[in-house]
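Peer 1: Dumping the structure here so I can ask a few things about it.
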Amino acid sequence: FDMDFAAAKMAGLVPESVSLEHVPFGLVQGEDGKKFATRSGDTVKLKDLLDEAVRIAGEDIKSRMENPDEELSDALADVAKTVGIGAVKYADLSMNRESNYKFSYGRMLSLNGNTAPYMLYAYARICGIVRKATDQVDTENVVWPNARDIIISHDSEKQLIR
């Protein structure tokens with residue numbers, strides 16, 4: 001990379017005062033341990049990867065509906081988009097950037113473990129508890145109570161926070 005950096009400076013693309021450094025990244029592998037690529041061997045485009053994650057998240061949501069053949073509402077399509085894209089982002093950012101890692105939609109989109117869908121689900125549950133405990137009827141915006149207003153008095157509450 002030293003030659004690339006020197007050429008960039010010689011071409012005037014980068015001022016002499018700027019320091020250029022190579023930042024190594026690990027290899028993203030498929031579940032088979034080989035370089036992550038399409039069947040034809042091409043590099044997988046991020047847009048395609050995110051679209052597939054959103055599609056899988058949407059299919060999971062559909063499978064939990066009373067009528068799985070029904071199309072997702074706009075609100076549920078937004079949830080699928082948030083979960084799918086969030087899962088890929090979180091999985092990528094939670095890895096050591098210099099280590100190789102195996103890309104797995106199943107692992108990324110799991111509702112168990114250290115995943116974005118699990119955290120989003122936990123957050124939604126907490127929002128529901130807060131709305132119920134504070135008698136809020138608005139399901140779009142949660143008004144969080146002040147920490148000083150929270151009173152922990154029941155033994156089960158004390159056990160939960162330990």
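The values are calculated or read from the model by the stated rules, or taken from the named source; none is laboratory data. Every value quoted in this text rests on a predicted model; they were computed, and no experiment measured them. All Cβ positions, glycine included, derive from the backbone under ideal geometry; neighbour counts span all protein chains shown. Accessible surface is based on the protein model in full, side chains and every heavy atom, while ligands, DNA and RNA are left aside. Shrake-Rupley method; radii C 1.70, N 1.55, O 1.52, S 1.80 Å.
Peer 1: Go through region 8-67 and count every residue that is in a helix (DSSP H, G or I) and touching a helix residue (DSSP H, G or I) at 6+ places or on another chain (Cβ under 6 Å). Walk me through how you get there before you give the answer.
Peer 2: Initial filter on region 8-67 (in a helix (DSSP H, G or I)): 8-10, 46-63.
Next, from what is left, pick out any that are touching a helix residue (DSSP H, G or I) at 6+ places or on another chain (Cβ under 6 Å): 50, 53-54, 56-58, 61.
Number satisfying all stated conditions: 7.
Peer 1: Same structure again: If you scan region 103-162, which residues turn out to be free of Cβ contacts under 8 Å to residues at least 40 places away in the same chain, within 29 Å of Asp32 (Cα to Cα) and touching a Leu at 6+ places or on another chain (Cβ under 9 Å)? Break it down into steps so the answer makes sense when it comes.
Peer 2: Kept after step one, since they are free of Cβ contacts under 8 Å to residues at least 40 places away in the same chain, are these residues of region 103-162: 106-107, 110-116, 118-162.
Then keep just the ones that are within 29 Å of Asp32 (Cα to Cα); that gives 106-107, 110-116, 118-120.
Hits for region 103-162 are Thr115, Ala116, Tyr118.
Peer 1: Something else: Look at Phe1 and say whether it is of a type in the set (A, V, I, L, M, F, W, C), more than 30 Å from Glu140 (Cβ to Cβ), in contact with a His (Cβ under 7 Å, 6 or more places away or on another chain) and open to solvent by 90 Å² or more (accessible area, probe 1.4 Å). Step through it out loud before you land on a result.
Peer 2: Numbers: of a type in the set (A, V, I, L, M, F, W, C): yes; more than 30 Å from Glu140 (Cβ to Cβ): yes; in contact with a His (Cβ under 7 Å, 6 or more places away or on another chain): yes; open to solvent by 90 Å² or more (accessible area, probe 1.4 Å): yes.
Yes, satisfied.
Peer 1: Filter region 18-36 down to the residues that are closer than 21 Å to Arg107 by Cα and acidic (Asp, Glu) and list them by number.
Peer 2: Glu31, Asp32, listed by residue number.
Peer 1: Kindly provide the set of residues from region 130-162 that are surrounded by fewer than 10 Cβ atoms within 10 Å (Cβ to Cβ) and assigned to a helix (DSSP H, G or I), ordered by number.
Peer 2: Within region 130-162, Lys132, Ala147, Arg148, Asp149, Asp155, Ser156, Gln159, Leu160, Ile161 qualify.
Peer 1: Go through region 96-116 and give me each residue that's of a type in the set (Gly, Ala, Ser) and either surrounded by 15 or more Cβ atoms within 10 Å (Cβ to Cβ) or in a loop (DSSP other than H, G, I, E, B) (or both). Explain how you work it out, then say what you get.
Peer 2: Of the residues in region 96-116, the ones of a type in the set (Gly, Ala, Ser) are 99, 104, 106, 110, 113, 116.
Within region 96-116, Ser99, Ser104, Ser110, Gly113, Ala116 qualify.
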